[in-house]
1. Quick one: what pairs do we get from the stretch 373-384, first residue free of Cβ contacts under 8 Å to residues at least 12 places away in the same chain, second surrounded by fewer than 18 Cβ atoms within 10 Å (Cβ to Cβ), C-beta under 9 Å, 6+ apart or different chains?
2. In the set LYS231, LYS247, which member is surrounded by fewer than 22 Cβ atoms within 10 Å (Cβ to Cβ) and within 23 Å of ASP39 (Cβ to Cβ)?
3. Scan the stretch 147-157 and give yes if some residue there is more than 16 Å from the ligand (Cβ to nearest atom) and of a type in the set (A, V, I, L, M), otherwise no.
4. Given the options LYS136, LYS203, name the one that is basic (Lys, Arg), assigned to a loop (DSSP other than H, G, I, E, B), at negative phi and away from the ligand (no atom under 15 Å from the Cβ).
5. Between a first residue in the stretch 85-109 that is in contact (Cβ under 8 Å) with a residue 12 or more places away in the chain and acidic (Asp, Glu) and a second residue that is within 11 Å of the ligand (Cβ to nearest atom) and in a loop (DSSP other than H, G, I, E, B), which pairs have beta carbons less than 8 Å apart while being 6 or more apart in sequence or on different chains?
6. Counting only residues that are touching a residue at least 24 places away in the same chain (Cβ under 8 Å) and farther than 21 Å from PHE302 by Cα, which one in the stretch 352-363 is surrounded by the most Cβ atoms within 10 Å (Cβ to Cβ)?
7. Please go through the stretch 69-89 and give me each residue that is away from the ligand (no atom under 16 Å from the Cβ) and crowded, with 24+ Cβ neighbours inside 10 Å, ordered by number.
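The values are calculated or read from the model by the stated rules, or taken from the named source; none is laboratory data. Note that the coordinates shown come from a computational prediction; the quantities given were computed from them, not determined experimentally. Neighbour counts are summed over all protein chains in view; Cβ atoms, including those assigned to glycine, are modelled from backbone coordinates with ideal geometry.
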Amino acid sequence: MQQYSKRIPGSRFLHAPGPTRIPDEVLDAMHRQSIDLADPRLDDLIKDCEAGMQAVVGTERGEVYLYSANGHGAWEVAIANVLAEGDAVLIPSTGHFSEGWAIQTEALDRRVVRTPWKPGFPIDPNEVEDVLRADKTGDIKAVFAVQTDTSTGITSDIAAIRQAIDAAKHPALYVVDVVSSLAAAPFAMDAMGVNLVVGGSQKGLMLPPGMGFVVVDERAHQASLDNPSPKFYWDWTKRTGSHAYRKFCGTPPLQMLMGLRAAIDLLQQEGLDQVFARHRRLAGAVFKAIEAWSSAGAIDFFCQVPSARSVSVTAVTVQGFDPEAIRTIAREKFQVAMAGGLGPMAGKVFRIGHLGDMNEPTILGALAGIEAAMLSMGIAIGRDALPRAIDFLID
Ligand SMILES: *Cc1c(COP(=O)(O)O)cnc(C)c1O
């Protein structure tokens, strides 16, 4: 591995859709000594994180629970609390991430009803409504929806799915995975009628991987209290109150909390609406570049619905070339790291992450590096991608 330990001058660009770039302010905030668990500074730190997370997910009353876990851990929090063994949940298919959540749910002896996966398309709220209308006995206890499926770069309409649940007059809890969309795409728990929000640290929140969270409304909390199935570490009803050690079912991840407080500060200083607008603007520049590249026929958007293109990540299909080879050249020769295809899309796409701590020169630099990698492989692409991305950013 000697070749990978050489120093590389300048910045290396991280354009995976998670883990994302960690801002210096967050790294600095984490570079601190541990404190003892009775130190009142710890209670302040936790309170700041909880209040900040309420603001970031857009809730007044939702209770925030933070876990030492990744996104899969946060998925399990939702499964273990709101579904008893044998209960059914509707998981509309969005791609690799809805399927991963479904498989984990089934592994825990819950039943999953899926809508058919339509590659390239977001969740169809009418299908959600139809499944719920057909469920006359109220067998389905919850709907688990992924806002942005990170494997496809497609964002579904979270408010429209709430309307579909209401139109079917179905009592299912509405649970939304915002792991790759929070602090990038507009989301508001209360306004969108979401009962339970599920997220992770290493994407829009700009933290290292390793912390998951949920935000729980009264109905979801009651569902957990009424749930007879065994649960312990994931059980948020054991984490209520103000005792730090109990809140975390053990020692809190101190430095992660220090980082979270700093990340929330950054989001609040910029303003959440400005954060959303920046993501829309930078994603728009990426879309312009891909439109230009695709004019020569070798690459294209995976997403078939322009309005459903994610502001966090774009999946790009490749004809006649191995996307993994593009990734390797982009990373090793041009210092731009991207992601590859997951599940059914392995070997078919590369994915450009454009969320988190990014600005105009980061995006333009990344696009230039990706273009250089594709040209060096002889891939046929339109050559006006950078000018079009620049024109879009000037406008
Ligand atoms: C990344 C991701 C997850 C899983 O998170 P891990 O931290 O990798 O376990 C779940 N859902 C979505 C939408 C994601 O993007």
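1. Note: pairs meeting the criteria are LEU375/ARG383; GLY378/PHE321.
2. Working: LYS231 fails: within 23 Å of ASP39 (Cβ to Cβ).
Of LYS231, LYS247, the one residue that is surrounded by fewer than 22 Cβ atoms within 10 Å (Cβ to Cβ) and within 23 Å of ASP39 (Cβ to Cβ) is LYS247.
3. No: zero hits.
4. Numbers: LYS203 fails: away from the ligand (no atom under 15 Å from the Cβ).
Of LYS136, LYS203, the one residue that is basic (Lys, Arg), assigned to a loop (DSSP other than H, G, I, E, B), at negative phi and away from the ligand (no atom under 15 Å from the Cβ) is LYS136.
5. Here the result reads none, with nothing in the stretch 85-109 linked to a residue that is within 11 Å of the ligand (Cβ to nearest atom) and in a loop (DSSP other than H, G, I, E, B).
6. Of the residues in the stretch 352-363, the ones touching a residue at least 24 places away in the same chain (Cβ under 8 Å) are 352-360, 362-363.
Pick out the ones that are also farther than 21 Å from PHE302 by Cα and you get 356-360, 362.
Details: GLY356: 27, ASP357: 17, MET358: 22, ASN359: 10, GLU360: 15, THR362: 19.
Once the filter is applied, the top-ranked residue is GLY356.
7. Just the residues of the stretch 69-89 that are away from the ligand (no atom under 16 Å from the Cβ), to begin with: 81-88.
Within the stretch 69-89, ASN81, VAL82, LEU83 qualify.
Residues checked against (1) crowded, with 23+ Cβ neighbours inside 10 Å; (2) modelled with pLDDT of 95 or more; (3) aliphatic (A, V, I, L, M):
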position: TRP117; (1), (2), (3): no, yes, no
position: ASN126; (1), (2), (3): no, yes, no
position: LYS136; (1), (2), (3): no, yes, no
position: ASP139; (1), (2), (3): no, yes, no
position: ALA142; (1), (2), (3): yes, yes, yes
position: ALA167; (1), (2), (3): no, yes, yes
position: LEU182; (1), (2), (3): yes, yes, yes
